[in-house]
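The block underneath contains the structure these notes are about, expressed in C-alpha cells.
What follows is calculated from the coordinates using simple rules that are stated; it is not laboratory data. Everything numeric in this text was worked out from a predicted model, so none of it was measured. Note that we place each Cβ from the backbone using ideal geometry, even for glycine, and neighbour counts take in every protein chain shown.
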Amino acid sequence: MIGSNQTKVLLPAWIFEQAQDKEEIKRLVLDYMQRYPGYTVLKVTGRFAVCEINR
C-alpha cells in the first residue's frame, strides 16, 4: 500500500535494457530520478520506482 506522501514513477525501458546488473539499475534509476526534484526513491518494484514526495 502506498501512503499519502508516496507515488509510483514509471521507469523507462532503456534503464532495464542498458543495465548489466542490479547495481547498475540502481545507479541508472537514481540518475533518472534527478529530473524529479523532491522525490526520494524508496524501492523499485517491477518497472516502477516507489517514491516519497518531500513537500
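Roughly how many nanometres apart are two label points built 7 Å out from the Cα toward the Cβ at Met33 and Thr45?
Using points 7 Å along Cα→Cβ, the separation is 1.4 nm.
For the stretch 43-50, take each phi angle, set θ = phi - 60°, evaluate the Karplus expression 6.51 cos²θ - 1.76 cosθ + 1.60, and give the result in whole Hz per residue in order, putting x for glycine and proline.
Residue by residue, the stretch 43-50 yields 6, 10, 10, x, 9, 10, 9, 7 Hz.
Cα extents of the chain along the three principal axes, largest first, in whole Å?
Cα spread of the chain along its principal axes, largest to smallest: 33, 22, 16 Å.
By counting other Cβ atoms within 10 Å of each Cβ, how are Ile25, Ile15 ranked from fewest to most?
The order, fewest Cβ neighbours first, is Ile25, Ile15.
What angle, in degrees between 0 and 90 and rounded to the nearest 10, separates the Cα long axis of helix 22-32 from the longest principal axis of the Cα atoms of the chain?
The angle comes out near 60 degrees.
For Leu11, what residues show an amide H to amide H distance below 5 Å, using hydrogens built from the backbone and excluding near sequence neighbours?
Amide H neighbours of Leu11: Phe48, Ala49.
Listing Leu28, Leu10, Leu42 from the residue with the fewest other Cβ atoms within 10 Å to the one with the most, what is the order?
Ordered from fewest to most neighbouring Cβ atoms within 10 Å, Leu28, Leu10, Leu42 come out as Leu10, Leu42, Leu28.
With a cap of 14 neighbouring Cβ atoms within 10 Å, and only residues DSSP puts in a loop, list the trypsin sites (Lys or Arg not before Pro) found in the stretch 1-53.
Arg47
For n ≥ 4 DSSP H runs only, could you compute -39500 (n - 2.57) per run for the chain, divide by its residues and tell me the 222 nm figure to the nearest 500?
-8500 deg cm²/dmol
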